[in-house]
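One structure is given below, encoded as structure tokens.
The values are calculated or read from the model by the stated rules, or taken from the named source; none is laboratory data. Treat the numbers as computed from the prediction; the structure is a model and nothing was measured. Virtual Cβ from ideal backbone geometry, glycine too; neighbours counted across all protein chains shown. We work out accessible area using only protein heavy atoms, side chains counted, and drop any ligands, DNA or RNA first. Shrake-Rupley method; radii C 1.70, N 1.55, O 1.52, S 1.80 Å.
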Amino acid sequence: MKNYFRTGIACVALALFSVACSSPAPEEAAAPEEMAPTVVAEPDMAAIKAEIQALEDAWAAADNAGDIPALLAFYSDDAVSMGSGTPVAVGKAAIQKEFESSMAKRPAGQTITFEVLDIFGDENTITEVGKTTRKDASGKVVSSGSYMAIWEKRDGKYICVRDISNNDSKED
């Protein structure tokens, strides 16, 4: 009977020793942040570029219609716009004056298109690089240019906070 008792105690001791040896010491246990690497999803830049192009298409439609209130809706209240050959316009009131002046000089039937060439940033702040093409009523290109715009996502939608543009050629 003594042998069974000793064997039983030896088995229990061996089992406890095995468990103790196979479990990491508290200081050796992996920290929770080390256990599973955090994966930060990259923004879908192709989808963002398509979203910005859709904004530019709507912008062109508003511009071609002479709809200044619709154009101003693309801007934040604190936006800054730097057009080719015009003073820096700070805020919507100044940007509105620039639109009014530009449209007053524009020949009837003229249209503009915007093409997004590149974007970079993250899903909250996007810098856009693009080109413009302005055509007369017959479809002839009368000017082209380039621009950069900075868009911020506010209340779930992109809004222009800064833009700068220039003409590559003068209008005829």
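The table for this structure:
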| item | result |
| --- | --- |
| Surrounding net charge for Ala61, when Lys and Arg each add one and Asp and Glu each subtract one, Cβ distance under 15 Å | -3 |
| Ranked order, Thr125, Thr133, Thr38 - accessible area, probe 1.4 Å, largest first | Thr38, Thr125, Thr133 |
| Overall dimensions of the stretch 46-172 by Cα: Rg and Dmax, Å | 14.0, 42 |
| Charge dipole (debye, nearest 20) of the stretch 82-172; +1 at Cβ of Lys and Arg, -1 at Cβ of Asp and Glu | 340 debye |
| Net +/- balance of residues flanking Leu117 in space, Cβ distance below 13 Å, scoring K and R +1, D and E -1 | -2 |
| Cα-based Rg and Dmax for the stretch 99-172, where Dmax is the largest Cα-Cα distance (Å) | 14.4, 42 |
